[in-house]
Amino acid sequence: MKQEKSFPKFLLPMYLWAVLLVALPLGYFIFLSFLKQDMTYGFTLSFTLDNYKRIFSGDYQDMMLRSVAISGLTTLLCFTVGYPFSYIMSRLSGRARSVVMLLIVIPFYTNSLLRTTGIITLLSSNGLINTLLTHWGWIKEPLSLLYTPGATVVGMVYSLLPFMILPCYSVCQKLDRQTVEAARDLGASRVRSFFTVTLPLTLPGILSGCVLTFVPTIGMFFISDLLGGARSSMLGNIINQQINGRNLPFAAALSVVMLAMALLFIGIYRAFSGKSELEGIA
Amino acid sequence: MKLPIRKLLSLCLLFSMTAALLTGCSGGKKQVNVLTYEGYIPDEIIADYEARGYQVNYTAAQTNEQMLDLLQAAKGGTYDIVICDDYIIPSMIESQVAAQLDYGRLSHAENIDPHYQSQFYDEENLYSIPYLAGFPLIVYDPAQVDFEIKGYADLWDSRLKNKLVILDQYRVIPGITLLSMGQSMNTTDQAVLAQCREKLLQLKPNVKLIDGSTPHVALINGDAAAGFVFTSQAMEVVKQRPDFKVVYPEEGLGFGVSCLMIAANAPHMDAAYDFVNYLLDGEVSAKVSELINYINCNTAAEAYLSAEFKANPVVYPPDSAFPPAAKRAPEIIQTVDNETNQIYDEMWTAFKNQ
Amino acid sequence: MEKPSVWGKLYLALILFLLYLPILVVAAYSFNAASSGAQWTGFTLSWYKKLLEEGKYTQPLLHSIELGLLSAFLAGVIGTAAALSAATRAFKTKGVFESLSMLPIMIPEIILGISFMSMFALVGLRGGMLPLVLAHTTFCIPYVYIIVKGRIRDLDPSVIEAARTLGATKIRAFLTVTLPIILPAVLSGCLLSFAMSFDDVIISSYLRGPTSELLPTKIYAALKLGVTPDVNALFTLILGVMLLLVATMAVTLQIRKILQRKVDAQ
């Protein structure tokens, strides 16, 4: 088909939508981040840089580092668990594959919050894991599992694993077996052929999976809220807390920082994968 | 995605579409929109009231600030009734989202206990009706804490390391820090506040969880050994774990009143008054108190409250909790000016982020 | 093709087991007698009774379904239309607009939620379903767009051109050739949109109104109160319906296969 140069009218609704409901709210929000808080009315129309000064004042450095660390660890764990999963899954027979796919997708249609409470029940001091371990006599005192940063990571990996599996699976499925087999035939070892052929070929899926796990984790406040306890509050928690405490301008400034982090990450993705779209999102 | 999923999901879609069509018509019931904490009006009460031909649309907020925000965005409309805490009321009044009460339409106005009226937030009782009241308390598990907790100061004891659950309230926790220093919970003295911040940050190593809504769950489950919690939550702990001890801090109690208010531009004004009248009924009010375990603010409820409830030391602290045995009389958290408020807010955020 | 080893299959099974463990725990605790806490105190069906009698979650459930359907439909129309023209055209501003349109699923949800909240408050749009539909459609469009566009790109353009050369009008070619081919993609885009909308807590929690309480926000509120056995029961029921549908699907497919074989044999 010829590439037509004219501006197509069917694209208009989406672009109009993007301008009115993406660009405009985000722009207004960035504007808010330069205003002053007011107890009674939310904010007053006086320009200030205080919100940004406050972020970089030192009170928030630990929290920022912790956010990045928790998100990074979550992404890494999702990859370590999810990549082999996708690879093995892509080699199953057609029927078994659709069953596994179905099993991955079903939890999407249940409630993510309640799945998280399931984790609370498992990790609690008199929850299932501690009860079993005590019962078998492996431990005397219940382990402190819940309300730790570790519990937050577990909860996040659990919620986001499918987002790593789906794109990785999508590339593994498309993987040209002949290329891999050719490499093996030419005498490359299993490990070597994996690193020189399989991994580079599936890299777009991996990177896409990393974006799809890392970016949501920096904003996902409810998991660390429910599982994390007093020492794992993340950027998302602070923003939510500032909203509930009616400090919209400061929440906006924190969100601008978060937005910058997300865009930076996406920029890195684009630079490495040479693609503008995320691989295997469906 | 493979074929079966798509088919399956299109089935789902079809099913849900039919369901949506079937219930699109909710009937011509009279509506009333309520805004307050989750569970603050017990399910049973709502069900009883709905049996009278009303539909209660209940919006749960997590904080007072959120309620204020929702009301302001709606310019005092959308919602009919709000139940919020004392210190936020002046902001509600000042921003004109609360309606002046028409006492002619309050059929049970005489039931309101004057003891809880005419407070700093609404001295002439033009806007607010006291709903429930309570004293936050310390509870702890003596099996896990090997010393006796007597007051707020003991919460800083290093033997409580990583064992404490506290409320997620940016004025309450700095407030008890001030009480532990022998200061008022509402101080605006900059020097005192600087000391308070210092001391608050030292509490962090002991804190395992900061949770305003479900601290009792962590205590019941054994994930925390001691906690500073609201009356209702303390009751829930004691009910399920009778071995827990309840402490009336020797430095003096904090005190809170939550109030019923009608939104300035309530879309269902008649229903709003009807529901308020229902809640002010002595029998209903007694039921509310007993179901969610807060102090009753209704004189007519007296006759309906069980003797057992009135003697409950968690809800109604004994004399020993008040002066002269305690160092200070119970104190309510009050609204402070913007600058001081920001100091409280900043120390709390710093504390949480540590 | 190399089949996965037994160890590989075991690995899949283990991960799936871990994935379902919390779900099973929630389902099991919907039969637990205690009203809060992780301790098992006895078997009861009373939470199901409470759930069905009080009907506290019926309205929110229906609101969530309604919202999911509306957003998936709107996103389906807008996203498909855009994908159809974007896949075949190039023009100067395409990159900028496309990135802007895809932004909603690239940035953390909380940012989108808060900016909608403040924007809608500014223009006086509050309460009811409209703000929720606008917000959810915004993050659903990208899913439809990406899926449908991918499908069109894989499409052999000669098929449509063949139809055109055979004298079909533009509209006719679209209806008889293009649409049937992309329909599965449109449908899976819509279904993914529905799933995302149905489970969204973060954005919805900033846009709630008294007459549009949704299931996820209602559940979050209940969790904040710490008493969730009836919510667990609801969760178990939804899961049960899902599994029932899957089973029905599998059986139907199986029966159809057998019938097909019989027809073929004849």
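Observations on the structure shown:
- Screening B:F275, B:F230 for residues that are not assigned by TED's automatic domain parsing to the domain that holds B:N33 and not polar (S, T, N, Q) leaves exactly one candidate, B:F230.
- Evaluation of C:S71 against the conditions (1) in a helix (DSSP H, G or I); (2) of a type outside the set (D, E, K, R); (3) farther than 30 Å from A:Y15 by Cα; (4) touching a residue at least 24 places away in the same chain (Cβ under 8 Å) shows that the sole unmet condition is (3).
- Tallying residues that are over 15 Å from A:V257 (Cβ atoms), free of Cβ contacts under 8 Å to residues at least 12 places away in the same chain and either at the interface with chain B (Cβ under 9 Å from one of its Cβ atoms) or among the aliphatic types (A, V, I, L, M) (or both) within the range A:49-100 yields 10.
- Filter pass, C:V133 being among the β-branched types (V, I, T), part of a helix (DSSP H, G or I) and touching a Gly at 6+ places or on another chain (Cβ under 9 Å): no
- 1 or more residues under 26 Å from B:S118 (Cα atoms): qualifying strands (runs of 3 or more DSSP E) within the range B:177-272: B:254-262
- If you filter the range B:139-166 down to residues that are assigned to a strand (DSSP E or B) and touching a helix residue (DSSP H, G or I) at 6+ places or on another chain (Cβ under 7 Å), you find that the one that is farthest from A:R231 (Cα to Cα) is B:V139.
- Residues satisfying the stated conditions in the range C:177-210, i.e. aromatic (F, W, Y) and outside any helix (DSSP H, G or I): C:Y206
- Scanning the range C:152-173 for residues that are over 15 Å from C:S85 (Cβ atoms), of a type in the set (A, V, I, L, M) and either at pLDDT below 75 or not assigned by TED's automatic domain parsing to the domain that holds C:A185 (or both) gives C:V159, C:A163, C:A168.
- Of the set (1) at pLDDT below 95; (2) of a type outside the set (F, W, Y); (3) loosely packed, with under 15 Cβ neighbours inside 10 Å, all apply to B:A194 but (1).
- Of the numbered criteria (1) farther than 30 Å from A:N244 by Cα; (2) assigned to a helix (DSSP H, G or I), the one C:G167 fails is (2).
- Residues of the range A:70-122 that turn out to be hydrophobic (A, V, I, L, M, F, W, C) and within 23 Å of C:V241 (Cα to Cα), as a count: 13
- Answer from B:P249, B:P215 - the residue that is surrounded by 21 or more Cβ atoms within 10 Å (Cβ to Cβ), within 13 Å of another protein chain (Cβ to nearest Cβ) and either modelled with pLDDT under 95 or in contact with a strand residue (DSSP E or B) (Cβ under 8 Å, 6 or more places away or on another chain) (or both): B:P215
- Enumerated helices (runs of 4 or more DSSP H) restricted to the range A:176-282, each holding at least 1 residues that are aromatic (F, W, Y) and within 13 Å of chain C (Cβ to nearest Cβ): A:199-219, A:221-227, A:248-273
- Taken together, C:L259, C:L237, C:L253, C:L223 contain a single residue that is closer than 25 Å to A:T116 by Cβ and surrounded by fewer than 23 Cβ atoms within 10 Å (Cβ to Cβ), which is C:L237.
- Looking across the range A:127-136, just one residue is in a loop (DSSP other than H, G, I, E, B) and out of contact with any helix residue (DSSP H, G or I) (no Cβ under 9 Å at 6 or more places or on another chain), and that is A:W136.
So that you can scan it fast, the table gives a plain yes or no per residue for (1) part of a loop (DSSP other than H, G, I, E, B); (2) touching a helix residue (DSSP H, G or I) at 6+ places or on another chain (Cβ under 7 Å):
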residue: C:L10; (1), (2): no, no
residue: C:L14; (1), (2): no, no
residue: C:L19; (1), (2): no, yes
residue: C:I23; (1), (2): no, yes
residue: C:S35; (1), (2): yes, yes
residue: C:W40; (1), (2): yes, no
residue: C:L51; (1), (2): no, yes
residue: C:Q59; (1), (2): no, no
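- Hits in the range C:74-101 - residues which are within 7 Å of chain A (Cβ to nearest Cβ), without any contact (Cβ under 8 Å) to a residue 60 or more places away in the chain and of a type in the set (A, V, I, L, M, F, W, C): C:A81, C:A90, C:F91, C:F97, C:L100
- Any hit, the range A:106-114, residues being facing another protein chain (nearest Cβ under 9 Å), buried (at least 23 other Cβ atoms within 10 Å of the Cβ) and over 22 Å from C:F198 (Cα atoms): no
- Evaluating C:L244 against the criteria (1) within 7 Å of another protein chain (Cβ to nearest Cβ); (2) closer than 30 Å to A:L103 by Cβ leaves one unmet condition, (1).
- For the range C:247-259, the condition holds for no residue, the condition being that it is under 30 Å from B:L35 (Cα atoms), within 14 Å of chain B (Cβ to nearest Cβ) and of a type in the set (K, R).
- If you filter the range A:137-175 down to residues that are among the hydroxyl-bearing types (S, T, Y) and in contact with a helix residue (DSSP H, G or I) (Cβ under 7 Å, 6 or more places away or on another chain), you find that the one that is nearest to the other protein chains (Cβ to nearest Cβ) is A:Y147.
The values are calculated or read from the model by the stated rules, or taken from the named source; none is laboratory data. Note that the structure is predicted; figures quoted are calculated from it, not measured. Every residue, glycine as well, gets a Cβ built from its backbone with ideal geometry; the counts of neighbours run over all protein chains shown.
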